[in-house]
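The structure appears below as structure tokens.
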Amino acid sequence: MPLQRRCVRCLLLATLLLCAARAAAAQAPPADDGWQTDLDRHVLEQLTQVVDAGPLLVHVRPGGLPPEVLAADIAANRASFEELQGKLGLKYEGRIHVFLYRDDDDMRATTEGDADIAFSTGSRSIHQVHDFRGVHELTHVFALQFPGNADGAGPDLFLVEGLATAMAESDQGVPVHAWAAMYQRLGRLPELPALRADLMGAAPRGVHPYHVAASFVLYLVERFGIEAVKRWYENSTEAGLELGVTFPRLDRDWRRFLADLSVAPADAEHVTRRFARGKDPLPEAWRTAAGTRLFDGGPLVALRPEDPSRWTVADGVLVGSHDGPWSALEGTDPAGADVGLRVRFRLREGDAFKLMLNHGDGAVSEAIFAAWASYMTLRDGHESEEEVKLPAGVWCEAIFANVGGRGRMFLNGSPVLDLEGALPVQPGTVGIAVERGTVEVADITVFAP
């Protein structure tokens, strides 16, 4: 998935820069060709116009871009160069070659490859569609001048792409921390050890691994400073040595940071939409349907605990704790066959939490959110969603509804499972339960879907 294109610098400054560079453009660049890769040499046969832009040498097809467009592109790349020097605390030595293409098709045809938007090659070359904006590819080139990274061996791919995307700070206008926080709240944030071992293969569908790596690296920059992270970059297997904190502890700290992060509603909606493809979205009315509140912070009047010793109310929060199989809390009055249950909760620790509908006459409908997967019971078994895992320590809103036997299950506004004819059509009580863990519950509302 390409990173966001964004504009920088004003056109007036860009025009002045281009005018100043025209005299140098007429001359060939210095005869140092050690930077060239085979691809660079191939492309140089077509992108023969060279513009000297200070620390950048810009290669373009003669007449391929209008002068004012080329001026804006050069100015944007110069601005990104200066921005990155500040962010990395590094004065770049030498010059970087930037190859500009008219559009994606021109880039693919000229490079004879399937890459688009932007990529870096060798030690000093960046190829990009002319209107690309950002520091991602520049970061890859800059990182080769970190003192301990001069041999180009570099760290693992998680850290390589994590740092580059962290320096960009956002994608599609959404901050990288917001991406990661929403992945966590939607039960899709991958485990970091697996992601480090296989960056492009370990992430669930819909999760861009660059967002995850970037948020973690940016968290470390904000916590320890860029110089410490650069040292870790040069010795990426030794987080404890370079940062003074072990990687597993950093992982836990970062997840707690994400759990407490405030995400703008528009950003949350943008990320959530990625996971609604192919499934009906959460009906807007279900988010706020008044219904009947079975718990609102007060005494357990409308709820009956299976084991009263497992459930208590303190400071307006219902706490359920059990170190064995399910311990349930059910409504005292039955609801109709078509029924919805909305619960705001946090699994503080442990295995699983579930919502129940239609309990009676030997049947029950269950939506189970576990630390390893999510499930919905069927008439003769269950259906699972392996990629949605309940995040520990994160406040969530779960919605489970039965509409004419159709079971619909949501976590924080995102569809998890949607199954026709899965549930029994019968009135019964609703309820919740915890298994081998501790759950905190702030609200339980039953409503008519």
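The values are calculated or read from the model by the stated rules, or taken from the named source; none is laboratory data. These numbers come from a predicted model, not from an experiment. All Cβ positions, glycine included, derive from the backbone under ideal geometry; neighbour counts span all protein chains shown.
This table checks each residue for (1) within 18 Å of Asp280 (Cβ to Cβ); (2) under 32 Å from the mean Cα position of the chain (by Cα); (3) in contact (Cβ under 8 Å) with a residue 12 or more places away in the chain.
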site	(1), (2), (3)
Gly360	no, no, yes
Ser374	yes, yes, yes
Asp380	no, no, no
Gly393	no, yes, yes
Gly404	yes, no, yes
Leu417	yes, yes, yes
Gly421	yes, no, yes
Gly428	no, no, yes
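Scanning the range 177-232 for residues that are of a type in the set (D, E, K, R) and without any contact (Cβ under 8 Å) to a residue 60 or more places away in the chain, which turns out nearest to Ala392 (Cα to Cα)?
This residue is Glu191.
Consider Asp307 carefully, then state whether it is more than 22 Å from Trp395 (Cβ to Cβ) and modelled with pLDDT under 95.
It is false that Asp307 is more than 22 Å from Trp395 (Cβ to Cβ) and modelled with pLDDT under 95.
Quick one: which of Thr246, Thr332, Thr292 is among the hydroxyl-bearing types (Ser, Thr, Tyr), out of contact with any Lys or Arg (no Cβ under 9 Å at 6 or more places or on another chain) and farther than 30 Å from Leu144 by Cβ?
Of Thr246, Thr332, Thr292, the one residue that is among the hydroxyl-bearing types (Ser, Thr, Tyr), out of contact with any Lys or Arg (no Cβ under 9 Å at 6 or more places or on another chain) and farther than 30 Å from Leu144 by Cβ is Thr292.
Are any of the residues in the range 259-271 within 26 Å of Ala433 (Cα to Cα), at pLDDT 90 or above and surrounded by 12 or more Cβ atoms within 10 Å (Cβ to Cβ)?
Looking for residues that are within 26 Å of Ala433 (Cα to Cα), at pLDDT 90 or above and surrounded by 12 or more Cβ atoms within 10 Å (Cβ to Cβ), one finds at least one in the range 259-271, hence yes.
Exactly one of these conditions fails for Glu366: (1) farther than 21 Å from Leu294 by Cβ; (2) surrounded by 17 or more Cβ atoms within 10 Å (Cβ to Cβ); (3) among the acidic types (Asp, Glu). Give me its number.
All conditions are met except number (1).
If you scan the range 86-125, which residues turn out to be of a type in the set (S, T, N, Q) and free of Cβ contacts under 8 Å to residues at least 24 places away in the same chain?
Ser120
Evaluate the following for Ser384: is it among the hydroxyl-bearing types (Ser, Thr, Tyr), farther than 25 Å from Pro334 by Cα, modelled with pLDDT of 95 or more and not assigned by TED's automatic domain parsing to the domain that holds Gly187?
Spelling it out, Ser384 is indeed among the hydroxyl-bearing types (Ser, Thr, Tyr), farther than 25 Å from Pro334 by Cα, modelled with pLDDT of 95 or more and not assigned by TED's automatic domain parsing to the domain that holds Gly187.
Just one of Gly340, Gly331 is over 19 Å from Arg436 (Cβ atoms), touching a Pro at 6+ places or on another chain (Cβ under 6 Å) and assigned by TED's automatic domain parsing to the domain that holds Gly431; which is it?
Testing whether each residue is over 19 Å from Arg436 (Cβ atoms), touching a Pro at 6+ places or on another chain (Cβ under 6 Å) and assigned by TED's automatic domain parsing to the domain that holds Gly431 leaves just Gly340.
Scan Gly421, Gly431 and give me the residue that is in the same structural domain as Ser309 (by TED's automatic domain parsing) and in a strand (DSSP E or B).
Gly431
Output the number of the condition that Gly437 fails; it satisfies all remaining conditions of (1) small (Gly, Ala, Ser); (2) crowded, with 18+ Cβ neighbours inside 10 Å; (3) under 17 Å from Gly331 (Cα atoms).
Every condition holds for Gly437 apart from (3).
As an exercise: evaluate Phe295 against (1) of a type outside the set (Asp, Glu); (2) surrounded by 17 or more Cβ atoms within 10 Å (Cβ to Cβ); (3) closer than 30 Å to Glu191 by Cβ and give the number of the one condition it does not meet.
With (1) of a type outside the set (Asp, Glu); (2) surrounded by 17 or more Cβ atoms within 10 Å (Cβ to Cβ); (3) closer than 30 Å to Glu191 by Cβ applied to Phe295, the lone miss is (3).
Report yes if some residue within the range 218-228 is part of a helix (DSSP H, G or I) and crowded, with 23+ Cβ neighbours inside 10 Å; otherwise report no.
yes
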